[in-house]
């Protein structure tokens, strides 16, 4: 395999989706291999070293979780982005627990697919860098406070004493997407759902990145500072750069899908 | 009949009463007859003493003729069977029946036995021992005999005749036998009376008990039984009338409470069952549509990215991508629905939503030379709606209007207003049930486009149907026969024939019987449907008072809707567009408005145009 190229493995039982991924990802220089079921995909993954994998959560022979488990068993480091139907967003959130790095809700646009692939690729790069240079003090890392919880690597939340929840974007996510151009927020009183997008961040190369919501609830406050100075998110993602304060809907259940911040 | 509690109770009480009364009667009879017999004994004894004493003078003077005469006279009395005087040897000295004089009786005979049992005869005996009661033949009347010993007295041995020595203690006996016919007759009469009285008392007791049991046990139990049967057959809103404060009354009340709870639970179950199966269908459809939609969306958006330089193509593709995104929202909505979630409501400006819908249809409208006239009211309050769903409502209506106008051009005017409406004549009845839970909504017969409420009526034995207007208080009812006042009428469920008449109330306007329909989750609807009156009352809605609405009127100058199909336009799969339409547009609109507690109505004039009026509630507070 050519080291200069980016290799993608796409697993889906729907040919039109595989074709679409091939066309769209191919246009951005990805070399795409496809598999129609998980077994086929697993065999390919063990044979070749791919940079990223897109995998449907519902496959004819096994589901996405089993695929992730099988990869874990053989310590295959292949980063997986789950493709999910809307009905299985809850499952998608769960898949983050199982080791998927991100997920992409169906139906998606070309841009959504590309931004997801971009983030995936950058994520792999970023984690490789931190592993290679753990002692390198030059790479600045803003730590996530330990009482915060995060959904995947993307967003965080903090349950306040009065029951309201502050939510925001994690440092790693911001580092991956690059310089921020604009943040599109939802209006006040909107209802947001765990796993769905609650904001869009337009980043340096024109890609739009959705911010997945860590908890469901209703927005009761928006960080007004963001409209005048969106860069505050980059500067101080965990305190001044918060996005919303929400009243959570199903806190006790949904909090189980979240991870404790420790980086 | 024989298994009824009341019958068993009465039977048991009657048996016990009979036993008690019989025992009591027997005891009373015994003591009574003993008393009577003792009196008779005393009386006969006194009589024999009197005879003895009256013969004494004659005996002392040894005047036998006089003694004979006295005995004969006594013997003539009606009830005296026999009267005789025996001497010590048992020889009959005097007797009323002269043929017996001179006879010698055996001392061992029954009459003499009590004294002459032992060899040395007794000289004194108590009355009861001296009395004997017997029958000559088994069939004859009873007879009482009294032996009265005649004792030796100084006057006897001192008398001139010197017939008796001083040493003799008993000179002879007076034997008096009287028949007991009258006494026995008396006793049997009394016995008969007593039996009759006892039977009467038992009967009276039984009747009184029967009446009491019927009132306090039988009727309440009957009502409970009817209620259990009604509930068993599915009529869960049947209530038992008040049965008082005893245990049965408490039972009835807790029964009513139980059925009410049960009815609520069933209603919820029914609703959730319906939602669950609809949800499965929606989830299935959404899942199937998701994959092709992904194909369309990725290719279209990819194409969009690559045609940034070709302006015309780019803007057309933008529409494709935007509308595919909208489809994505619809699919999401379907899945949300499948998960029983409510529409994603946010506070929105209705004008923005309408404008967005207009933008989507802009090209088509311009192509058909259709003018848009916006009559927006200034400063409308925001309303709590799902803007995506509501946009779909307006898009669908605009498409319909454009198709009604056709290629020759026309005008669509959109007018908004803030109105305050009384629920009367506005709120749509979307569900109505009979007491057994049968759906009364009839999608076949529509009144101004909405499913009507179908009721069966019986007038003078003739069956017919009435279709109630689903708009509360509007009363565009349809009936196959005219409904006059003062005609006896039966109102029935067309499915199970259960009566829908409210027995407790009558029409406050005309006094006629009124119907009572269950509106699931929203109380009960009462109404009168005689042609002149048509009173209606829906407590649940009336309590909410007048509400604020935003009114949106979308009028077109199109061909209009023929009156014969105006009733069908909200039906799923009803279409006049042949292959071009799915027939789902207005049905979807209806569903969306239902989710927003909104209403839609249609007015149309053939050749002139159609106006759809939508009302969306403004939340208070």
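FYI, it's all coordinate maths here, none of it is from the lab. Here the structure is a predicted model, which means the values were calculated and not measured. Positions of Cβ are backbone-derived with ideal geometry, glycine not excepted, and every protein chain shown enters the neighbour counts.
Tabulated values for the structure
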read-out: Helix A:38-47 axis, angle to chain A major axis (alpha carbon atoms, nearest 10°); value: 80
read-out: Length released on extending from residue A:31 to residue A:66, taking residue separation times 0.36 nm less the Cα-Cα span; value: 10.1 nm
read-out: Gyration tensor verdict on region A:27-77 (Cα atoms; rounded if a/c is under 1.5, prolate if a/b is larger than b/c, oblate otherwise); value: oblate
read-out: Between helix B:585-595 and chain B: long-axis angle, C-alpha atoms, 0 to 90°, nearest 10; value: 60
read-out: Computed P(r) (all Cα pairs; region A:149-260; 10 Å bins; percent); value: 15, 53, 29, 3
read-out: Sites residue B:594 and residue B:20, calculated FRET efficiency, Cβ-Cβ separation with R0 60 Å, nearest 0.05; value: 0.25
read-out: Sequence of A:65, A:42 once ranked by neighbouring C-beta atoms within 10 Å, starting from the fewest; value: A:65, A:42
read-out: Spherically averaged projected area of chain B from its Cα convex hull (nm²); value: 53.0
read-out: Theoretical gain in end-to-end length, residue B:141 to residue B:459 [0.36 nm per residue, Cα-Cα removed]; value: 106.7 nm
read-out: Inter-chain Cβ neighbour average for residues B:193-200, partner chain, 10 Å; value: 0
read-out: Computed FRET value (nearest 0.05) for residue B:373 with residue B:543, which takes r as the C-beta separation and R₀ as 41 Å; value: 0.55
read-out: Segment residue B:250-residue B:153, extension gain: residue separation times 0.36 nm, minus the distance between their alpha carbons; value: 26.1 nm
read-out: Structure-based [θ]222 nm, the protein assembly as shown - -39500 (n - 2.57) summed over DSSP H runs of at least 4, per residue, nearest 500; value: -13500 deg cm²/dmol
read-out: Prolate/oblate/rounded call for region B:441-538, Cα gyration tensor, a/c under 1.5 rounded; value: rounded
read-out: Gyration tensor over alpha-carbon atoms, chain A, equivalent ellipsoid semi-axes in Å; value: 30, 20, 18
read-out: Cα-projected label distance for residue B:264 with residue B:29, points at 7 Å along beta-carbon direction, nm; value: 6.6
read-out: Proxy reagent accessibility, fewest Cβ within 10 Å first, across A:23, B:64, A:161, B:130; value: A:161, B:64, A:23, B:130
read-out: Nearest-ten-degree value, helix B:247-306 long axis tilted from longest Cα axis of chain B; value: 20
read-out: Cα-based shape type of region A:6-132, given that a ≥ b ≥ c are square roots of the gyration tensor eigenvalues and the cut on a/c is 1.5; value: rounded
read-out: Isotropically averaged projected area of region B:5-186, using the convex hull of Cα atoms (one quarter of hull area), nm²; value: 13.7
read-out: Mean Cβ neighbour count within 10 Å, used as a protection proxy, ranking B:595-608, B:81-94 highest first; value: B:81-94, B:595-608
read-out: Order of B:439, A:224 - criterion: other Cβ atoms within 10 Å of each residue's Cβ, fewest first; value: A:224, B:439
